[in-house]
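See structure below.
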Amino acid sequence: MNQLLLPLLLLLVVAVPLVMGTRKQKKQQAAQQEMQNSIAPGDRVMTTSGLYGTVADTSSETTIDIEIAPGVVTTWLRLAVREKVEPVVETEENEDSAETETAGIESAAPAASASEAPAQESISAEEKQTSGAQVAPPLEHGKK
């Protein structure tokens, strides 16, 4: 009896996690397949490479057309769609807070003299035109 106990315990310790892991993986694959089959024109999606776009055409069984910018439509495999995402909806509260912040920044910048005032206005105008995104300098790999 004692001779069979150790092999049975080892079998349980190894086999149970393997079985549970494969069940979880099968459920995830089924959910992913269901999501890819339910894609319809107008849905906002993200691809496996991180590209966001709006589905334009789903007439093919294996491919879909995704509009990534106004007038720019690309063809992708359905399998490349990672998930559906909710479209970004700006609320009035966000717009009001943005206007308040810019008004506070403009009023908080004191003009030291008349000659410096136009320079400050041009900088603030340039800052308004640029987006919040900045480009980082390239990395230098392998140089010592």
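Throughout, read-outs are computed from the coordinates displayed, never taken from laboratory work. Being a predicted model, the structure only gives us computed values, none of them experimental. When we count neighbours, we look across all protein chains shown, and the Cβ atoms used for this are built from the backbone with ideal geometry, even at glycine.
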Checklist outcome for this item: Quick note on V135, V16, V55, ordering by fewest other C-beta atoms within 10 Å, gives V135, V16, V55
Checklist entry - Hey, fewest Cβ within 10 Å first, where do T62, T48 land in order? => result T62, T48
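What's the local net charge at Q28, with K and R +1, D and E -1, over the other residues with C-beta under 13 Å away?
Around Q28, the surrounding residues sum to +3.
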Item to check | Potential lengthening between L8 and E140 on full extension [0.36 nm per residue; Cα-Cα distance subtracted] | outcome: 41.9 nm
Item to check | Fraction in percent of alpha-carbon pairs per bin - 10 Å, the range 39-84 | outcome: 32, 63, 5
Item to check | Length added when fully stretched, N37-E83, from 0.36 nm per residue minus Cα-Cα | outcome: 15.4 nm
